[in-house]
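Peer 1: Before I ask anything, here is the structure I am working with.
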Amino acid sequence: MLVLASASPRRKELLSLLVREFEVLPADINETPRTQEIPQDYVLRMAEEKAIAAAAKFPSAFHTPTSSPVIFVASDTSVVVDQKILGKPANLEEAKQMLRLLSGRNHQVMTSLCLMNLSGDHKVSTCVNTEVRFRAISDLEIEHYWRSGEPQDKAGSYAIQGLGAVFVESMQGSYSAVVGLPLFECAQLLSQFGIHSLEEVSHE
């Protein structure tokens, strides 16, 4: 059994491109960065803690016992500029601050991935860094974008798979990682647990 430790519809959609069946078990954790914690360490820790939290909830969350191995997939995405992690904006002013900071320059999107079995004795992690460059953005555009509702639950106040794409001048790296789940790396890690992607299955 494969379990996605996330409530994100974007991650659910991406994972469904790799595997036919999986369960969803959101994990609530404290997402506050530690003092002097560097961004890559933070996103790796977040993914691992999500996997651990989902594993702890698993026995009571599913009433039907399973004899097959249980594998948890967890991921975390952070927008980083000048080694500063940009979280989700609480209001328009926070969104303005973030998008002004990103306007006309490069930033990094760091997406971590952690796969773990139920006992926690087999755990693999990776972090995918993608370089994104924004064109210059006006305050009026930011206000219009905010009113679309899209930035309000997005790290860095934008979604590359939505209207936020109009700000992206260029990108170097993994598009799916920026959306929320790095497909290439996820398929590789899944194979370490004996789970193969749809493409591999279709060619067998």
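Peer 1: Go through segment 98-129 and give me each residue that's buried (at least 16 other Cβ atoms within 10 Å of the Cβ), assigned to a strand (DSSP E or B) and free of Cβ contacts under 8 Å to residues at least 60 places away in the same chain.
Peer 2: H107, V128 - these are the residues of segment 98-129 that are buried (at least 16 other Cβ atoms within 10 Å of the Cβ), assigned to a strand (DSSP E or B) and free of Cβ contacts under 8 Å to residues at least 60 places away in the same chain.
Residue by residue, here is whether (1) under 25 Å from A54 (Cβ atoms); (2) at pLDDT 95 or above; (3) not acidic (D, E) holds:
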residue	(1), (2), (3)
M98	no, yes, yes
H107	no, yes, yes
S112	yes, yes, yes
S119	yes, no, yes
K123	yes, yes, yes
N129	yes, yes, yes
A136	no, yes, yes
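Peer 1: Contact list please: Cβ distance under 6 Å, first residue in segment 176-199 and hydroxyl-bearing (S, T, Y), second residue crowded, with 16+ Cβ neighbours inside 10 Å, pairs at least six apart or on different chains.
Peer 2: Matching pairs, first to second residue: S176/L14; S176/P182; S176/L183; S197/L18; S197/A187.
Peer 1: Please name all residue pairs, on different chains or six or more residues apart, with Cβ atoms under 6 Å, provided the first residue is in segment 1-23 and is of a type in the set (S, T, Y) and the second residue is assigned to a loop (DSSP other than H, G, I, E, B).
Peer 2: Within 6 Å, the pairs are S8/G180.
Peer 1: Of I195, I137, which residue is within 20 Å of P89 (Cα to Cα) and aliphatic (A, V, I, L, M)?
Peer 2: The match here is I137.
Peer 1: Applying the selection to segment 11-36, what residues are surrounded by 18 or more Cβ atoms within 10 Å (Cβ to Cβ) and charged (D, E, K, R)?
Peer 2: R11
Peer 1: Considering only segment 155-175, state which residues are closer than 23 Å to C114 by Cα, modelled with pLDDT of 95 or more and open to solvent by 20 Å² or more (accessible area, probe 1.4 Å).
Peer 2: Q161, Q172, G173, S174, Y175
The values are calculated or read from the model by the stated rules, or taken from the named source; none is laboratory data. As the structure is a prediction and not an experimental result, all values here were calculated from the model. Neighbour counts are summed over all protein chains in view; Cβ atoms, including those assigned to glycine, are modelled from backbone coordinates with ideal geometry. Ligands, DNA and RNA are excluded from the accessible area calculation, which covers all protein heavy atoms including side chains. Shrake-Rupley method; radii C 1.70, N 1.55, O 1.52, S 1.80 Å.
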